[in-house]
Amino acid sequence: LGGVAQWCFGTPREANMRIPDQILKSVCFLCVNINGEWSYGGTGFFVSVESEVEPGRGFIFLVTAKHCVVRAAKYGSLYLRMNTVNGGIEFVRVDGGWLFPKNEASDVAVLPWSPDQTKNEFMHVSVTMFATPDVVAIKNIGPGDELIVTGLFTQRYGQKRNLPIVRGGAIAAMPGEPLLDD
(Lines give C-alpha, C1' and ligand atoms only; values in the text may rest on other atoms or scores of the structure.)
Protein backbone atom coordinates (compact mmCIF):
# COMPACT_ATOMS: atom_id res chain seq x y z
CA LEU A 1 0.00 0.00 0.00
CA GLY A 2 3.02 2.28 -0.02
CA GLY A 3 2.27 3.38 3.51
CA VAL A 4 -1.17 4.66 2.66
CA ALA A 5 -4.22 3.29 4.44
CA GLN A 6 -7.04 2.12 2.19
CA TRP A 7 -10.65 1.25 2.91
CA CYS A 8 -13.24 -0.05 0.48
CA PHE A 9 -16.94 0.60 0.74
CA GLY A 10 -19.23 -1.83 -1.08
CA THR A 11 -21.98 0.74 -1.48
CA PRO A 12 -21.88 4.20 -3.04
CA ARG A 13 -20.90 6.98 -0.64
CA GLU A 14 -23.45 9.53 0.45
CA ALA A 15 -22.88 13.00 -0.96
CA ASN A 16 -20.58 15.09 1.26
CA MET A 17 -19.65 12.14 3.48
CA ARG A 18 -16.89 13.32 5.81
CA ILE A 19 -14.03 10.93 6.56
CA PRO A 20 -13.96 10.08 10.31
CA ASP A 21 -11.16 11.58 12.42
CA GLN A 22 -10.18 8.05 13.39
CA ILE A 23 -9.01 7.48 9.82
CA LEU A 24 -7.49 10.96 9.32
CA LYS A 25 -5.51 10.80 12.56
CA SER A 26 -4.17 7.30 11.93
CA VAL A 27 -1.47 8.47 9.49
CA CYS A 28 2.07 9.73 10.08
CA PHE A 29 5.12 10.65 8.03
CA LEU A 30 8.22 8.49 7.79
CA CYS A 31 11.47 10.43 7.60
CA VAL A 32 15.21 10.36 8.10
CA ASN A 33 17.60 13.05 9.26
CA ILE A 34 20.37 13.75 6.78
CA ASN A 35 22.98 16.25 7.98
CA GLY A 36 20.45 18.01 10.22
CA GLU A 37 17.72 18.19 7.56
CA TRP A 38 14.53 16.12 7.65
CA SER A 39 13.81 14.16 4.50
CA TYR A 40 10.33 12.68 4.09
CA GLY A 41 10.12 9.35 2.32
CA GLY A 42 6.74 7.82 2.95
CA THR A 43 3.78 7.46 5.23
CA GLY A 44 2.52 4.92 7.70
CA PHE A 45 -0.69 4.27 9.54
CA PHE A 46 -1.69 2.83 12.90
CA VAL A 47 -3.80 -0.31 13.12
CA SER A 48 -5.33 -2.05 16.12
CA VAL A 49 -5.98 -5.74 16.51
CA GLU A 50 -8.15 -7.06 19.32
CA SER A 51 -6.64 -9.76 21.49
CA GLU A 52 -8.01 -13.24 20.89
CA VAL A 53 -7.07 -14.20 24.47
CA GLU A 54 -8.24 -11.12 26.42
CA PRO A 55 -11.44 -9.61 24.96
CA GLY A 56 -11.42 -5.81 25.21
CA ARG A 57 -7.63 -5.63 25.03
CA GLY A 58 -5.93 -4.73 21.81
CA PHE A 59 -2.56 -4.26 20.24
CA ILE A 60 -1.39 -1.35 18.08
CA PHE A 61 0.86 -1.68 15.05
CA LEU A 62 2.49 0.77 12.66
CA VAL A 63 2.07 -0.33 9.03
CA THR A 64 3.97 0.99 6.02
CA ALA A 65 5.70 -0.20 2.87
CA LYS A 66 8.73 -2.46 3.25
CA HIS A 67 10.67 -0.44 0.68
CA CYS A 68 10.33 2.68 2.87
CA VAL A 69 11.86 0.90 5.89
CA VAL A 70 14.66 -0.66 3.82
CA ARG A 71 15.49 2.64 2.11
CA ALA A 72 15.52 4.54 5.43
CA ALA A 73 18.02 2.06 6.93
CA LYS A 74 20.63 3.34 4.47
CA TYR A 75 20.51 6.73 6.22
CA GLY A 76 20.51 5.56 9.83
CA SER A 77 17.49 5.79 12.07
CA LEU A 78 13.91 5.96 10.87
CA TYR A 79 11.68 8.60 12.44
CA LEU A 80 7.97 9.30 12.49
CA ARG A 81 6.75 12.85 12.28
CA MET A 82 3.80 12.86 14.68
CA ASN A 83 1.30 15.55 15.58
CA THR A 84 1.44 16.36 19.29
CA VAL A 85 -1.41 16.93 21.71
CA ASN A 86 -0.20 20.52 22.29
CA GLY A 87 -0.60 21.43 18.61
CA GLY A 88 2.91 20.93 17.26
CA ILE A 89 4.95 18.09 15.82
CA GLU A 90 7.50 15.67 17.24
CA PHE A 91 10.02 13.42 15.52
CA VAL A 92 9.91 9.98 17.16
CA ARG A 93 12.66 7.42 16.46
CA VAL A 94 11.46 3.89 15.61
CA ASP A 95 14.42 1.56 15.16
CA GLY A 96 14.25 -2.20 14.81
CA GLY A 97 11.53 -4.74 15.42
CA TRP A 98 9.97 -4.54 11.96
CA LEU A 99 8.13 -7.61 10.68
CA PHE A 100 8.07 -8.45 6.97
CA PRO A 101 6.03 -11.09 5.12
CA LYS A 102 7.87 -14.18 3.88
CA ASN A 103 6.53 -13.46 0.39
CA GLU A 104 9.14 -11.14 -1.16
CA ALA A 105 6.48 -9.69 -3.47
CA SER A 106 4.60 -8.22 -0.48
CA ASP A 107 5.72 -4.63 0.04
CA VAL A 108 4.48 -4.43 3.64
CA ALA A 109 6.24 -3.74 6.93
CA VAL A 110 4.62 -3.95 10.37
CA LEU A 111 6.01 -2.70 13.68
CA PRO A 112 4.34 -3.71 16.95
CA TRP A 113 4.53 -0.28 18.56
CA SER A 114 2.39 2.56 19.85
CA PRO A 115 3.34 6.24 20.30
CA ASP A 116 3.18 7.91 23.71
CA GLN A 117 -0.50 8.89 23.97
CA THR A 118 0.25 11.62 26.52
CA LYS A 119 2.43 13.45 23.98
CA ASN A 120 1.25 12.38 20.52
CA GLU A 121 -2.12 12.96 18.92
CA PHE A 122 -3.01 9.87 16.94
CA MET A 123 -5.77 7.36 16.46
CA HIS A 124 -5.75 3.85 15.05
CA VAL A 125 -8.10 1.95 12.79
CA SER A 126 -9.28 -1.53 13.58
CA VAL A 127 -8.44 -4.36 11.23
CA THR A 128 -12.20 -4.98 11.22
CA MET A 129 -12.39 -2.02 8.79
CA PHE A 130 -10.21 -3.80 6.22
CA ALA A 131 -11.59 -5.23 3.01
CA THR A 132 -10.58 -8.83 3.67
CA PRO A 133 -11.41 -11.55 1.13
CA ASP A 134 -14.49 -12.44 3.23
CA VAL A 135 -15.70 -8.82 3.28
CA VAL A 136 -15.07 -8.50 -0.46
CA ALA A 137 -17.18 -11.62 -1.09
CA ILE A 138 -20.01 -10.72 1.33
CA LYS A 139 -20.32 -7.13 0.10
CA ASN A 140 -19.64 -8.09 -3.51
CA ILE A 141 -16.87 -5.49 -3.81
CA GLY A 142 -15.33 -5.20 -7.25
CA PRO A 143 -14.38 -2.95 -10.16
CA GLY A 144 -16.29 0.31 -10.14
CA ASP A 145 -16.83 0.42 -6.36
CA GLU A 146 -15.51 3.53 -4.65
CA LEU A 147 -12.19 3.55 -2.84
CA ILE A 148 -11.00 6.03 -0.23
CA VAL A 149 -7.28 6.55 0.32
CA THR A 150 -5.89 8.68 3.12
CA GLY A 151 -2.30 9.57 3.80
CA LEU A 152 0.09 12.49 3.76
CA PHE A 153 1.46 14.40 0.79
CA THR A 154 5.24 14.49 1.11
CA GLN A 155 5.53 17.66 -1.00
CA ARG A 156 3.20 19.64 1.30
CA TYR A 157 3.69 18.25 4.76
CA GLY A 158 2.61 21.30 6.78
CA GLN A 159 4.78 23.69 8.75
CA LYS A 160 3.29 23.13 12.21
CA ARG A 161 1.17 19.97 11.83
CA ASN A 162 0.91 16.91 9.63
CA LEU A 163 -1.90 17.62 7.18
CA PRO A 164 -3.75 14.42 6.17
CA ILE A 165 -5.08 14.19 2.64
CA VAL A 166 -7.98 12.15 1.33
CA ARG A 167 -8.42 10.98 -2.22
CA GLY A 168 -11.20 9.00 -3.73
CA GLY A 169 -11.57 6.91 -6.80
CA ALA A 170 -12.90 3.63 -8.06
CA ILE A 171 -11.51 0.13 -7.95
CA ALA A 172 -10.08 -0.45 -11.42
CA ALA A 173 -9.43 -4.21 -11.15
CA MET A 174 -9.40 -7.03 -8.63
CA PRO A 175 -6.58 -9.52 -8.12
CA GLY A 176 -7.39 -12.60 -10.12
CA GLU A 177 -3.90 -14.00 -10.46
CA PRO A 178 -0.45 -13.13 -9.14
CA LEU A 179 1.31 -10.28 -10.94
CA LEU A 180 4.91 -11.26 -11.53
CA ASP A 181 7.44 -8.44 -11.59
CA ASP A 182 11.18 -8.29 -10.97
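A few points about this structure:
- Förster radius 25 Å - calculated FRET efficiency between Thr132 and Phe153 (Cβ-Cβ, nearest 0.05): 0.35
- Entries in Lys119/Lys160; Lys74/Lys160; Lys66/Lys160; Lys25/Lys160 that, when Cα-Cα distance is taken, lie over 18 Å: Lys74/Lys160; Lys66/Lys160
- Carbon and sulfur %, accessible surface of the stretch 18-86 computed with the full protein complex present, 1.4 Å: 50
- Heavy-atom accessible area per residue - the chain, 1.4 Å, Å²: 63
- Rh (Kirkwood; distinct C-alpha pairs) - the stretch 49-182, Å: 17.8
- Amide H contacts of Thr84 (H built 1.01 Å from N, in plane; Pro and chain starts excluded): Ile89, Glu90, Glu121 sit under 5 Å, all sequence-distant by 5 or more or on other chains.
- Structural descriptor for the chain: relative contact order 29 percent, calculated from alpha carbon pairs under 8 angstrom and at least 6 residues apart.
- Test item: Cα-centred dipole of the chain, Lys/Arg +1 and Asp/Glu -1 on Cβ, debye: 660
- In the stretch 75-131, the trypsin sites (Lys or Arg not before Pro) that fall in loop regions by DSSP, at most 11 other Cβ within 10 Å: Lys102
The values are calculated or read from the model by the stated rules, or taken from the named source; none is laboratory data. This structure is a prediction, so every number in the text was calculated from the model and none was measured. In this analysis, Cβ positions are derived from the backbone assuming ideal geometry, glycine residues included, and neighbour counts consider all displayed protein chains. Surface areas here come from the heavy atoms of the whole protein model, side chains and all, with no ligands, DNA or RNA. Shrake-Rupley method; radii C 1.70, N 1.55, O 1.52, S 1.80 Å.
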